[in-house]
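A.B. asks: Before I ask anything, let me first share the structure, which is written out below as structure tokens.
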Amino acid sequence: MKLKIAVLPGDGIGPEIMEQGVAVMDAVASKFGHEVTYKEALCGAHAIDELGDPFPEETYEVCRDADAVLFAAVGDPKFDNDPTAKVRPEQGLLAMRKKLGLFANIRPVQTFKCLVHKSPLKADLVDGADFVCIRELTGGMYFGEKYQDNDKAYDTNYYTRPEVERILKVGFEYARRRNRHLTVVDKANVLASSRLWRQIAKEMEPQYPDVDVDYMFVDNASMRMIAEPKFFDVMVTENTFGDILTDEGSCISGSMGLLPSASTGESTPVFEPVHGSWPQAKGQNIANPLAQILSVAMMLEHFDLKDEGALIRRAVDASLDNNVRTPEIQVEGGAAYGTKEVGAWIVDYIRKA
Ligand code: IPM
Ligand code: MN
């Protein structure tokens, strides 16, 4: 297969983890005979510094013309601490989602047996938990009409039927490929937008008689996620609830540095770690590259390259089992590996497999 990949390393630890993601991609490509080409582009704080725009037009064109985007992370404290900043790196992420029409954000919450003790939850609750949150990504409060003056402000949680239908369809179909259990998360007891979601989901149910559907209010879902994470298989929800619930979900596995994600929709799909740019760790070779490497696996699986994705997952599992781990998950009393060393170990495993 020929693949054209747009590479957006972004800020902070982004370039370091991206280097390992690309090295793993190269190792898989040469093993399976795929032809991969890369084009790097600016985004985030870097792009603001150089071009005044966190998602410049030329970056958009590179993304649009690629088969997939591999994204690392954006963000820089110099913007967080400046309330007067007119442009922020995060706007680049939102612009990318909107311009590429990435309405479906797929965030798996997976646990690793050898790391369950790292979870803030009890090991028996976490062991075996495995679910996917499908978050609507281009609508809702993030993009609805906004207003702010000195005395009042509002954000509109606006959704249309086609927007809701297409994301619910992703949810139903995802559930079909997994354990056929879909939880629609909303706040239909209070919000009109949620009532529309629920109405449409109920209308769609008969098309998926093989999927068990339940409806859960978001407050209850946030509780259930930590009280009984194994209850969930696939959950689908609106943009804002999905943002909050996936941060909660990301800590279940014990390290945010482990979780990849995919955003798909109308144009080029984007694959990226769930975590951010961790500016404090920049240049220190301590960031966990696994979320980036697993994002490469998700990308390959998106193109139906199942063996390729599976090999990366096996290599990641083997690295953890062999205690080849970055500091935040290192074995007590054992040595920690650097970002580069974890990446190199995984590349080596793939070459030898
Ligand atoms: C995420 C992030 C973004 C969001 C921010 C950085 C705009 O938190 O990808 O979850 O809120 O969607
Ligand atoms: Mn978030």
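A.B. asks: Any chance segment 70-78 includes a residue that's more than 16 Å from ligand 2 (Cβ to nearest atom) and either more than 22 Å from the chain's Cα centre (by Cα) or not assigned by TED's automatic domain parsing to the domain that holds residue 351 (or both)? Steps first, answer last, please.
C.D. replies: The first filter runs over segment 70-78 and keeps only residues more than 16 Å from ligand 2 (Cβ to nearest atom), leaving 70, 76-78.
Pick out the ones that are also either more than 22 Å from the chain's Cα centre (by Cα) or not assigned by TED's automatic domain parsing to the domain that holds residue 351 (or both) and you get 78.
Yes; the residues of segment 70-78 include at least one that is more than 16 Å from ligand 2 (Cβ to nearest atom) and either more than 22 Å from the chain's Cα centre (by Cα) or not assigned by TED's automatic domain parsing to the domain that holds residue 351 (or both).
A.B. asks: So in segment 268-298, with the set limited to residues that are out of contact with any helix residue (DSSP H, G or I) (no Cβ under 8 Å at 6 or more places or on another chain) and closer than 30 Å to residue 167 by Cβ, which one is surrounded by the most Cβ atoms within 10 Å (Cβ to Cβ)? Outline the logic, then answer.
C.D. replies: So in segment 268-298, the residues out of contact with any helix residue (DSSP H, G or I) (no Cβ under 8 Å at 6 or more places or on another chain) come out as 276, 278, 280-281, 284.
The next check asks that each one be closer than 30 Å to residue 167 by Cβ; those that pass are 276, 278.
Working: 276: 18, 278: 21.
Here the answer is 278.
A.B. asks: Tally up the residues in segment 93-113 that are in contact (Cβ under 8 Å) with a residue 60 or more places away in the chain and among the small types (Gly, Ala, Ser), please.
C.D. replies: Total satisfying the criteria: 2.
A.B. asks: Only one residue in 196, 168, 115, 182 is assigned to a strand (DSSP E or B) and buried (at least 17 other Cβ atoms within 10 Å of the Cβ), so which one is that? Break it down into steps so the answer makes sense when it comes.
C.D. replies: Numbers: 196 fails: assigned to a strand (DSSP E or B); 168 fails: assigned to a strand (DSSP E or B); 115 fails: assigned to a strand (DSSP E or B).
Being assigned to a strand (DSSP E or B) and buried (at least 17 other Cβ atoms within 10 Å of the Cβ) holds for just one of 196, 168, 115, 182, which is 182.
A.B. asks: If you take the residues in segment 316-339 that are touching a residue at least 40 places away in the same chain (Cβ under 8 Å), in contact with a helix residue (DSSP H, G or I) (Cβ under 7 Å, 6 or more places away or on another chain) and within 11 Å of residue 290 (Cα to Cα), which one is surrounded by the most Cβ atoms within 10 Å (Cβ to Cβ)? Spell out the reasoning first.
C.D. replies: Initially, segment 316-339 is screened for residues touching a residue at least 40 places away in the same chain (Cβ under 8 Å), giving 317, 320-321, 326-329, 336, 338-339.
From what's left, in contact with a helix residue (DSSP H, G or I) (Cβ under 7 Å, 6 or more places away or on another chain): 320-321, 326, 328-329, 336, 339.
Cutting the leftovers down to within 11 Å of residue 290 (Cα to Cα) gives us 320, 326, 339.
Details: 320: 18, 326: 21, 339: 23.
The qualifying residue surrounded by the most Cβ atoms within 10 Å (Cβ to Cβ) is 339.
A.B. asks: Out of the residues in segment 82-112 that are closer than 25 Å to residue 178 by Cβ and away from ligand 1 (no atom under 16 Å from the Cβ), state the one that is surrounded by the most Cβ atoms within 10 Å (Cβ to Cβ). Break it down stepwise before answering.
C.D. replies: Of the residues in segment 82-112, the ones closer than 25 Å to residue 178 by Cβ are 97, 101-112.
Next, from what is left, pick out any that are away from ligand 1 (no atom under 16 Å from the Cβ): 110-112.
Values: 110: 16, 111: 24, 112: 20.
Among them, the one singled out is 111.
A.B. asks: State which residue is nearest to residue 171 (Cα to Cα) when the search covers only segment 133-161 and only residues that are touching a residue at least 60 places away in the same chain (Cβ under 8 Å) and away from ligand 2 (no atom under 16 Å from the Cβ).
C.D. replies: Within segment 133-161, the match that is nearest to residue 171 (Cα to Cα) is 159.
A.B. asks: Right, another one. Could you please give the count of residues in segment 275-303 that are within 17 Å of residue 43 (Cβ to Cβ) and of a type in the set (A, V, I, L, M, F, W, C)? Even if it seems obvious, please write down each step before you answer.
C.D. replies: Step one: of segment 275-303, the residues within 17 Å of residue 43 (Cβ to Cβ) are 275-279, 282, 292, 295.
Checking which are of a type in the set (A, V, I, L, M, F, W, C) leaves us with 278.
The qualifying residues number 1.
A.B. asks: Name the pairs whose Cβ atoms lie under 6 Å apart, with the first residue in segment 216-233 and closer than 13 Å to residue 246 by Cα, the second basic (Lys, Arg), and 6 or more positions between them or separate chains?
C.D. replies: 218/187
A.B. asks: Additional query: Filter segment 118-146 for residues that are in a helix (DSSP H, G or I) and within 30 Å of residue 322 (Cβ to Cβ); which is modelled with the lowest pLDDT? Before you say what the answer is, go through the steps one by one.
C.D. replies: From segment 118-146, those in a helix (DSSP H, G or I) are 118, 123-126, 140-142; that's our starting set.
With within 30 Å of residue 322 (Cβ to Cβ) added as a condition, the list becomes 118, 123-126.
Numbers: 118: 90, 123: 95, 124: 95, 125: 95, 126: 95.
Only one residue fits best here, namely 118.
A.B. asks: Here are some conditions: (1) away from ligand 2 (no atom under 15 Å from the Cβ); (2) under 30 Å from residue 330 (Cβ atoms); (3) not basic (Lys, Arg). Residue 188 meets all but one. Which one does it not meet?
C.D. replies: (2)
A.B. asks: Does segment 244-264 hold any residues that are modelled with pLDDT of 95 or more and either among the basic types (Lys, Arg) or under 12 Å from residue 222 (Cα atoms) (or both), and which are they?
C.D. replies: Here is the first cut: in segment 244-264, the ones modelled with pLDDT of 95 or more are 244-245, 260-264.
Correct list: 244, 245.
A.B. asks: In segment 147-159, which residues are assigned to a strand (DSSP E or B) and within 26 Å of the chain's Cα centre (by Cα)? If you could, list the steps in order and put the result at the bottom.
C.D. replies: Restricting attention to segment 147-159, the residues satisfying the condition of being assigned to a strand (DSSP E or B) are 147-148, 153-155.
Result: 155, single match.
A.B. asks: Given 242, 254, 265, which one is surrounded by 18 or more Cβ atoms within 10 Å (Cβ to Cβ), of a type in the set (Gly, Ala, Ser) and within 13 Å of ligand 1 (Cβ to nearest atom)?
C.D. replies: Working: 254 fails: within 13 Å of ligand 1 (Cβ to nearest atom); 265 fails: within 13 Å of ligand 1 (Cβ to nearest atom).
Going through 242, 254, 265 in turn, just one is surrounded by 18 or more Cβ atoms within 10 Å (Cβ to Cβ), of a type in the set (Gly, Ala, Ser) and within 13 Å of ligand 1 (Cβ to nearest atom): 242.
A.B. asks: Determine the pairs where a residue that is at positive phi, located within segment 1-27, has a partner that is crowded, with 24+ Cβ neighbours inside 10 Å and β-branched (Val, Ile, Thr) with Cβ atoms under 9 Å apart, the partner being 6 or more residues away or on another chain.
C.D. replies: Matching pairs, first to second residue: 10/74; 12/74.
A.B. asks: Then there's this: Of the residues 40, 61, 16, 35, which single one is under 21 Å from the mean Cα position of the chain (by Cα) and surrounded by fewer than 22 Cβ atoms within 10 Å (Cβ to Cβ)?
C.D. replies: From the options 40, 61, 16, 35, the qualifying one is 40.
A.B. asks: Then there's this: Among the residues of segment 231-274, which ones are under 12 Å from the mean Cα position of the chain (by Cα), more than 16 Å from ligand 2 (Cβ to nearest atom) and part of a strand (DSSP E or B)?
C.D. replies: 264, 271
A.B. asks: I've got another one for you. Assess whether residue 304 counts as being away from ligand 1 (no atom under 16 Å from the Cβ) and assigned to a loop (DSSP other than H, G, I, E, B). Spell out how you get there, then give the answer.
C.D. replies: Details: away from ligand 1 (no atom under 16 Å from the Cβ): yes; assigned to a loop (DSSP other than H, G, I, E, B): yes.
Considered against the rule, which asks whether it is away from ligand 1 (no atom under 16 Å from the Cβ) and assigned to a loop (DSSP other than H, G, I, E, B), residue 304 comes out as yes.
The values are calculated or read from the model by the stated rules, or taken from the named source; none is laboratory data. Since the model is a prediction, treat every value here as computed from it, not as a measurement. Using ideal geometry, Cβ is built from the backbone for each residue, glycine included, and neighbour counts are taken over all protein chains shown.
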